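Presented below is the structure to which this report refers.
The values are calculated or read from the model by the stated rules, or taken from the named source; none is laboratory data. It should be emphasised that the depicted structure is a prediction, and the values quoted were computed from it without experimental measurement. Counting neighbours? That spans all protein chains shown, and the Cβs are built from the backbone with ideal geometry, glycine included.
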């Protein structure tokens, strides 16, 4: 690919200016970053507006902005499931998460696993929840780095050096971006990320609004765009008499994904950093504005299809390396003037910094609180706690970088697919525990989690990790269901049945350190 | 036409929920206003209802504009519940 100097210059200026802002932000304030509550949760200080930018920048990741339109571009209507999913997640956020925030605030919990340990007094269950979170998050960080890689390729940034042992090394730009990410995360924590998320929000909205106005004008209007899409891609297929068909896959994908979204450690970290319950509730009706942007971005996949970027020789190499994920960069290069393509690429590049940082911070928090402090150094000082979290967040980023640079990118995508299935299995321990603690027993929750993990992994593996829609045969019907959801159903059944038996047999007192009034 | 159909379906669900609530002894903290939070699920989880091209707006098929419209309607459903809870706290 040929280099695009104008786009590249605009991108670099925006990227380094924003990262620098994040780095210097905490130097202007008097924040004690040797405290985990400050570095890893922003001192639980973010008001409605900052929380809106932070949560929006956190859960609408750069990879989402690349992969959702790519799915529309390649498969059509099914890719639009991201829209109902990110609408329906907010009633859940509104109802359940203020309770979780309250108890975390009162008891000083930093992670979801902290809450699980407090609620059930079980170190093992807390470890299961923490480990699931870390393992599910690392490939997700890798995908953010991949989003950057795609953007760099779009700008024709090819720097290859010949290293003595490794040979030709292509990922110098990614390595630079990684160092920027690592430095500002390490030094500024969630405070710095909050500043960067404001820049991300502004850039995303500017790029999206320009795209949905400018590109349709170039392509002759929305009717021309949709007319260019072959009809099997335009709607979901219909089921047959004994197969419930793509409609049920669509619904199950939406429901499974919405249940998983706020269980991801980076979402929990974002929610816990809010300054009050009302901030979370207000964001439950303010954040759908990001879903609106996502819906428009999804349609960009159809615009790329209508523009015919796949057949253009100048983008052939990009599609060859990144597959349909190259559709959006190709569309931007094709439809925008170079300087604005640079702005749009910066929206993705900076868009990757925010979730990647919060994911790494939340992995650091989980490791420190639920593994290091629990099993290795119970009496460590707050300063040690904070330092360990910083080092661990760096380690998770290095692991993610390893995925992208050393392994095939398909591994990261497959692991992320598994990660969604896995994180969903923590729902009974984290969310149902808010409502029915007496009907749940840690042994039941653990076995339910185990059953869900095994069943979900097995279903995904039997599909060769290419899809997560596993056809379940029930009463003569075939139900193509998202594996995360069917595994979760099994998990919940096992959890309640085993808990019922365990509660009936055991006379040991409950180990719940929380009180009903902690949740209000 | 389609809107009416949707409204009827929603009404059906909320009514049956309401009945259940009346038969049981009143649970503390439940108020019918929370049924607003159920509406988006009714509107978006029954896919065959909106898996269609017509009616189009500016050439955009129903499937796409209907779901996109719900980003705003979802917000509109949450706001009354928010104000109810804020009022209750005072």
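Quick notes
- In segment B:54-74, of all residues being part of a loop (DSSP other than H, G, I, E, B) and within 7 Å of chain A (Cβ to nearest Cβ), the one that is surrounded by the most Cβ atoms within 10 Å (Cβ to Cβ) corresponds to B:61.
- Criterion violated by residue A:461 - all others in (1) surrounded by 13 or more Cβ atoms within 10 Å (Cβ to Cβ); (2) under 23 Å from the mean Cα position of the chain (by Cα); (3) outside any loop (DSSP other than H, G, I, E, B) satisfied: (1)
- Meets criteria (buried (at least 24 other Cβ atoms within 10 Å of the Cβ) and touching a helix residue (DSSP H, G or I) at 6+ places or on another chain (Cβ under 9 Å)) for residue A:327: yes
- Test result for residue A:322, away from chain B (no Cβ under 13 Å), touching a helix residue (DSSP H, G or I) at 6+ places or on another chain (Cβ under 9 Å), crowded, with 23+ Cβ neighbours inside 10 Å and over 21 Å from residue B:64 (Cα atoms): no
- Considering the conditions (1) under 19 Å from residue A:368 (Cα atoms); (2) in contact with a helix residue (DSSP H, G or I) (Cβ under 7 Å, 6 or more places away or on another chain), residue A:448 is excluded by exactly one of them, (1).
- Of all residues in segment A:230-263, those satisfying the criterion of being at negative phi and in contact with a strand residue (DSSP E or B) (Cβ under 8 Å, 6 or more places away or on another chain) are A:242, A:243, A:244, A:246, A:248, A:249, A:252, A:253, A:255, A:256, A:257.
- Residue B:25 more than 11 Å from chain A (Cβ to nearest Cβ), modelled with pLDDT under 90 and in a loop (DSSP other than H, G, I, E, B): yes
- Of the residues making up segment A:328-337, at least one is under 23 Å from the mean Cα position of the chain (by Cα) and either without any contact (Cβ under 8 Å) to a residue 12 or more places away in the chain or over 24 Å from residue A:35 (Cα atoms) (or both).
- Residue A:55 vs. criteria at pLDDT 90 or above, in a helix (DSSP H, G or I) and on the phi < 0 side of the Ramachandran plot: yes
- The numbered conditions (1) part of a helix (DSSP H, G or I); (2) more than 30 Å from residue A:313 (Cβ to Cβ) are all true for residue A:339 except (2).
- Within segment A:306-325, residues that are farther than 23 Å from residue A:218 by Cα have Cβ atoms under 6 Å from residues that are assigned to a helix (DSSP H, G or I) in these pairs: A:322/A:150, counting only partners at least 6 apart in sequence or on another chain.
- Scanning segment A:271-291 for residues that are in contact with a strand residue (DSSP E or B) (Cβ under 9 Å, 6 or more places away or on another chain) and farther than 27 Å from residue B:69 by Cβ yields A:273, A:274, A:275.
- Single unsatisfied condition, residue A:506 versus (1) surrounded by fewer than 17 Cβ atoms within 10 Å (Cβ to Cβ); (2) within 30 Å of residue A:79 (Cα to Cα): (2)
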